[in-house]
């Protein structure tokens, strides 16, 4: 077990304290750690134990439960009715590198030359499942990286072509991948951490019904996204 102390990746002017464990590469182990609030990166599992803060709340969707009506769902389905989602092999494609580089530069101000290294880190996972989002003409408009255990499907990263930003593919992907988790026989679709107050993480609580991991280590069904309703 190691401890990594870094600037908080989600909230400004805060320090994060991550506990890190090595991953033996077993789907059963992935299920176990996801169910206990860990996330996975590279060859490690991690979770946050920060001084005076507990806002990184593990969130998952129960695959068997259809999502309640989302305020944007019908609009997104209409906007993306030309999209086909295709599971892919682990062989890196040049168009993947190009899409990820443009996405990283545009959305995260990350150097484009890091894209290939990022792809290798995703695909090195023994659980990796890449999904291509293509339009009717065959253009790659989105790229999703998932990890699959025995009962769990976990969202790792989603990138889209910057010129396709109007499609809101990140939000759309949650609907489609929850449906895929159910069709493929998974029990849960993990969305990582919900961080109330973080612009890039708070959207996860827009998908109802969801479950959160409470401080006592039990998953609790949740219908109200308000912070006042959070378990203490």
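List the number of the failed condition for residue 141; all other conditions in (1) touching a strand residue (DSSP E or B) at 6+ places or on another chain (Cβ under 6 Å); (2) over 12 Å from residue 103 (Cβ atoms) hold. Unmet condition: (2). Within the range 19-43, the residues that satisfy the criterion of being more than 21 Å from residue 188 (Cα to Cα) and touching a strand residue (DSSP E or B) at 6+ places or on another chain (Cβ under 7 Å) are 19, 20, 21, 22, 43. For the range 181-210, a residue qualifies if it is over 15 Å from the mean Cα position of the chain (by Cα), outside any helix (DSSP H, G or I) and over 21 Å from residue 107 (Cα atoms), and the qualifying residues are 184, 185, 186, 187, 208, 209.
Remark: pairs (first residue in the range 105-119, farther than 19 Å from residue 41 by Cβ; second residue at pLDDT 75 or above; Cβ separation under 6 Å; 6+ apart in sequence or on different chains) = 106/162; 112/101; 112/105. All conditions in (1) buried (at least 21 other Cβ atoms within 10 Å of the Cβ); (2) in contact with a strand residue (DSSP E or B) (Cβ under 8 Å, 6 or more places away or on another chain); (3) in contact (Cβ under 8 Å) with a residue 24 or more places away in the chain; (4) under 19 Å from residue 203 (Cα atoms) hold for residue 156, with the sole exception of (1).
Number of residues in the range 157-193 that are at pLDDT below 95 and under 18 Å from residue 37 (Cα atoms) equals 1.
The values are calculated or read from the model by the stated rules, or taken from the named source; none is laboratory data. As the structure is a prediction and not an experimental result, all values here were calculated from the model. Positions of Cβ are backbone-derived with ideal geometry, glycine not excepted, and every protein chain shown enters the neighbour counts.
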